[in-house]
Amino acid sequence: MLKRLRENKSAQGTLLALPTTIWMFILLILPLLLTLVISFGKRSPDGEVIFTFSLDNYIRLLGFSSDCAGGQASCFDPLYMQILGRSLMLAFNTTVIVIAMAYPLAYFIARADPKRRNTFLFMVLIPLWTNFVIRVYAWMMLLRKEGAINLIIGTVAHWLGINFVPLELLYTPGAVLVGMVYEFLPFMILPIFTSLEKIENSLYEAAADLGASPFKTFLRVTLPLSMPGVVAGTILVFIPVMGTFIVSDILGGRQYILVGNLIQRQFLDARDPAFGSAASLILMVMTLIVTYFYTRKFGFGEEIVAA
Amino acid sequence: MKEFAVELRDVVKKFITPEGNELNAVDHVDMQIRNGEFFSMLGSSGCGKTTSLRMIAGFEWPTEGEVYIEGKPMGHTPPFQRKVNTVFQSYALFQHMSVYQNVAFGLEMEGAQKEEIKKRVMRALEMVQLIGMENRRPKQLSGGQQQRVALARALVKTPDVLLLDEPLGALDLKLRKEMQLELKALQQQLGITFIYVTHDQEEALTMSDRIAVMSKGKVMQMGSPAEIYERPRNRFVAEFIGESNFLEGQIKSLSANEASVFIPALNAEVTGTPASEGLVHGEQVFVSIRPEKIHLTEHSARLNTFEGEITSTVYIGSNTHVVVHIGDVRLKVWEQNRISRLEPSSFYTIGQKVDLMLMPENTLVLKKD
Ligand SMILES: Nc1ncnc2c1ncn2[C@@H]1O[C@H](COP(=O)(O)OP(=O)(O)OP(=O)(O)O)[C@@H](O)[C@H]1O
Ligand SMILES: [Mg+2]
């Protein structure tokens, strides 16, 4: 038996992959299937899931209410679509801002003296040692009416003799954006840094040697060669931003709802897991579509040649 | 056109080593490289060849002194404004571009027209025999082919001077020999000045019009391959290029083209040719003679002839390497096997007494330091 296994390469492969496959099945496939099944169900009056096959949850997400009296046009309520749209926009904006901030930083670190490089990387990583939720609360402290930012501006204004009304920073879409950018910045810096660091110095020299100015060198050599990092970073940032609910919960207030909040509330407050499951699946499909088109367009960076 | 394509005048490059010491990687170097010549910098690892080349390309600036290109002082002119191009040791090809795009890059930077670029790129690729590979990525090429892309990419710019930093270092011996000949032919055909860095003495001798032998940041000697080999100016050069026997002694008489040196180990005087500059009467010197230039004869009583005993012979095909002892003095002698013999050792046998003749014109008198 053992001897036969030793000779059979494909059986070895199967055996080695078995534990992973089992875990994947238990932890990923099974829950997904469960979510799919539940999403076709209904909520019983006392908050239990009734297993049926009904598309009601999906119809509701699209904005059509099934128990709408008479089914008039006015019954169309785009609330959920708006939430989805808002989440997409926020994820998009966050990603763009994070790229704009992370790229120069990563570039700076990658080109820094190797001795100082580790210090800089360390500084990028330090925030990740603190719990995610606590860091978001810290922003609450900064953004509050009596928070650090208002305090500083107020003090400066006081010195200058200007009348200052504390700004409403917290519980605004801006606060959520700031929180998201802050939370996900390291996840963009690291992959971009990695791809920039891999570019050999002799390539910059070769470009200069062939007559490229520093700016042209950046456009034609540095940028295309670091695209794999940007693509990886985008995936690492865009997808979680789409699903996170903590940042918007703490910094956005009760009215600022993202898909993540919607799903969370279905499971906890509204006790409608069926609807929550449907929303989860929609979120997943949307993320997949965006990622699919994104990676198709940008590949994993290698194909990009600014011509 | 100026006589010199590139000139280094009293150039010094200091580096601070990671240990915090100051190091003169290039130490008061003067070099004149003539237009259209194949010039090599030859020296062992760390002697400052790459640093010198990088200062010509503009990647480094001299700490002291000045680099001139076509008679113009370069100062802090950046690389992209110098009319020299470099073939890097690691090739430094752009992996995200095809072979065609790699070669076209330099022309695009000049703002050349698409048609013009296409014509020149194809001509350059033809020159290095890469037609049909233009759509490949560098990763899809062999080492030798990548080397050619690097060459085409630099040549397409029609530089006045091409700088090559050990461009054949990564190739196997056979391919290296082939490429040496190709490079030399290309250089002659194009008439471009080549400045070539290598630590391989044979490569330098094969390809160069002139060679600068470097050691510890200094130029030890500059001259044609024959000058370097036949008239080394000091022991370092004589030892670095080819092999040589050295005998220590003191100058007893000296004229412009002849010097007589007393060798205590032989208890005799040897007549030779002064090769170092500034030799003075009474100075302690080395007498240097190459193994292939010693004649083994049987009993003649001519000038510079000494009796010795053969202590080892090694047959290596074209030559026999013989070691002869004159008292305690050990001399390497290479005899050409001009006549085919199936038992080569029958001609030279261990223990045999022979006379060694050192022709004065082959016997060089060199300064001790
Ligand atoms: N950026 C640098 N910082 C500090 N020292 C350097 C630097 N570049 C070169 N050196 C030192 O300068 C000396 C000359 O280096 P260089 O690269 O010119 O040698 P080389 O003759 O090209 O040697 P090789 O044949 O090994 O390539 C070496 O001792 C090297 O350690
Ligand atoms: Mg070198």
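The values are calculated or read from the model by the stated rules, or taken from the named source; none is laboratory data. Not measured: the values here are computed from a predicted model. Using ideal geometry, Cβ is built from the backbone for each residue, glycine included, and neighbour counts are taken over all protein chains shown. Note: areas computed on protein heavy atoms with side chains; ligands, DNA, RNA excluded. Shrake-Rupley method; radii C 1.70, N 1.55, O 1.52, S 1.80 Å.
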Dipole in debye (nearest 20) - the stretch B:258-298, about Cα centre, beta carbon charges: Lys, Arg +1; Asp, Glu -1:
100
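Any idea of the total accessible area buried by the B-A contact, 1.4 Å probe, rounded to 100 Å²?
Buried surface at the B/A interface: approximately 2000 Å².
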At least 20 Å² of accessible area lost relative to the chain alone, listed for the stretch B:89-132 with a 1.4 Å probe
B:Ser90, B:Ala92, B:Phe94, B:His96, B:Met97, B:Gln101, B:Phe105, B:Glu108, B:Met109
7 Å from Cα along Cα→Cβ at both B:Lys353 and A:Thr130: what's the point-to-point distance in nm?
9.6
Descending semi-axes in Å of the stretch A:1-64, equivalent ellipsoid built from Cα gyration tensor:
44, 12, 8
In Å², rounded to a whole number, the accessible area per residue of the stretch A:81-298 with probe 1.4 Å is 50
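Using 1/(1 + (r/R0)^6) with R0 = 35 angstrom and r between the beta carbons of B:Leu342 and B:Glu202, what's the FRET efficiency to the nearest 0.05? List each step's numbers first, then the result.
Working: r = 30 Å, r/R0 = 0.87.
About 0.70, to the nearest 0.05.
Accessible area per residue, 1.4 Å probe, Å², for chain B: what's the number? Provide the component values of the computation, followed by the final result.
On the way: 17180 Å² over 369 residues.
Per-residue value: 47 Å².
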Of B:Lys14/B:Lys83; B:Lys216/B:Lys293; B:Lys14/B:Lys49, pairs whose Cα-Cα distance is over 18 Å
B:Lys14/B:Lys83; B:Lys216/B:Lys293
Name the residues whose placed amide hydrogens come within less than 5 Å of the amide hydrogen of B:Asn319, ignoring near sequence neighbours (fewer than 5 apart) on the same chain.
B:Asn337
Along principal axes, Cα extents of the stretch A:81-298, largest first, whole Å
63, 55, 29
Once you have the Kirkwood Rh of the stretch B:200-268 from its Cα pairs, apply Stokes-Einstein at 10 °C and 1.306 mPa s and quote D in µm²/s.
116
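Beyond 23 Å between alpha-carbons counts as too far, so tell me which of A:Lys297/B:Lys157; B:Lys2/B:Lys157; B:Lys218/B:Lys368; B:Lys252/B:Lys367; B:Lys114/B:Lys157 fall in that bin.
Details: A:Lys297/B:Lys157 34 Å; B:Lys2/B:Lys157 20 Å; B:Lys218/B:Lys368 17 Å; B:Lys252/B:Lys367 14 Å; B:Lys114/B:Lys157 15 Å.
Check vs 23 Å cut-off fails for A:Lys297/B:Lys157.
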Sorting A:Gly243, A:Leu15, A:Leu36 by the position of each Cα along the dipole of chain A (Lys, Arg +1; Asp, Glu -1; all at Cβ), the one nearest the positive end of that ordering is A:Leu15
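Can you give the Rg/Rh ratio of the protein assembly as shown, where Rg is from the C-alpha atoms and Rh is the Kirkwood radius? Provide the component values of the computation, followed by the final result.
Numbers: Rg = 38.7 Å, Rh = 32.7 Å.
In the protein assembly as shown, Rg relative to Rh is 1.18.
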Across 10 Å bins beginning at 0, the whole-percent shares of Cα-Cα pair distances in the stretch B:151-225 come to 17, 52, 29, 2
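Tell me whether the stretch B:29-92 comes out rounded, prolate or oblate; compute the Cα gyration tensor, take square roots of the eigenvalues as a ≥ b ≥ c, and use a/c under 1.5 as the rounded threshold. Working shown, then result.
Details: a/c = 1.28, a/b = 1.20, b/c = 1.06.
Rounded, because the longest to shortest axis ratio a/c is under 1.5.
By its C-alpha gyration tensor, with a ≥ b ≥ c as the square roots of the eigenvalues, how is the stretch B:109-199 shaped: rounded for a/c under 1.5, else prolate for a/b larger than b/c, else oblate?
Values: a/c = 1.97, a/b = 1.28, b/c = 1.53.
Oblate, because a/c is 1.5 or more while a/b does not exceed b/c.
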note: chain B, Cα-Cα separations exceeding 30 Å make up a percent value of 51
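Quick check: convex hull over the Cα atoms of the stretch B:243-367, volume per residue in Å³, rounded to an integer? Walk me through the numbers on the way to the answer.
Values: hull volume 12.4 nm³, N = 125.
With only Cα atoms used, the stretch B:243-367 gives 99 Å³ per residue.
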Rel. contact order, % - alpha carbon contacts under 8 angstrom, at least six apart, the stretch B:4-235
28
What are the ³J(HN,Hα) values, in whole Hz, obtained from phi via the Karplus relation 6.51 cos²θ - 1.76 cosθ + 1.60 with θ = phi - 60°, for each residue of the stretch B:309-318 in sequence order, with x given for Gly and Pro?
10, 6, 10, 7, 9, 10, 8, 10, x, 6
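Taking loop as defined by DSSP and a crowding limit of 16 other beta carbons within 10 Å, which trypsin sites (Lys or Arg not before Pro) in the stretch B:3-109 fit? Don't jump to the answer; show the numbers that get you there.
Details: sites: B:Arg9, B:Lys13, B:Lys14, B:Arg34, B:Lys49, B:Arg54, B:Arg82, B:Lys83; in loops: B:Arg82, B:Lys83.
Those that pass, being in a loop and sparsely packed, are B:Lys83.
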At what distance in angstrom do the alpha carbon centres of the stretch A:238-254 and the stretch A:140-188 lie from each other?
18
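Which of the GluC sites (Glu not before Pro) across the stretch B:262-369 are loop residues per DSSP, with 12 or fewer other Cβ within 10 Å? Numbers along the way, then the final one.
On the way: sites: B:Glu269, B:Glu277, B:Glu283, B:Glu292, B:Glu298, B:Glu307, B:Glu309, B:Glu335, B:Glu361; in loops: B:Glu277, B:Glu283, B:Glu298.
Within the stretch B:262-369, the qualifying GluC sites (Glu not before Pro) (loop, at most 12 other Cβ atoms within 10 Å) are B:Glu277, B:Glu298.
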Heavy-atom accessible area of the protein assembly as shown with neighbours in place, 1.4 angstrom probe: carbon+sulfur share in percent works out to 60
In whole µm²/s, the translational diffusion coefficient that Stokes-Einstein assigns to the stretch B:36-172, given a Kirkwood hydrodynamic radius over C-alpha pairs, 25 °C and 0.890 mPa s, equals 154
No solvent, one uniform scatterer per C-alpha: report log10 I(q)/I(0) for the stretch B:8-53 via the Debye equation at q = 0.17, 0.26 1/Å, two decimals.
-0.56, -1.04
In the P(r) worked out for the stretch A:163-270, what percent of Cα pairs fall beyond 25 Å?
47
Two-decimal ratio, the stretch A:1-140, of alpha-carbon radius of gyration to 2.2 N^0.38 Å
1.79
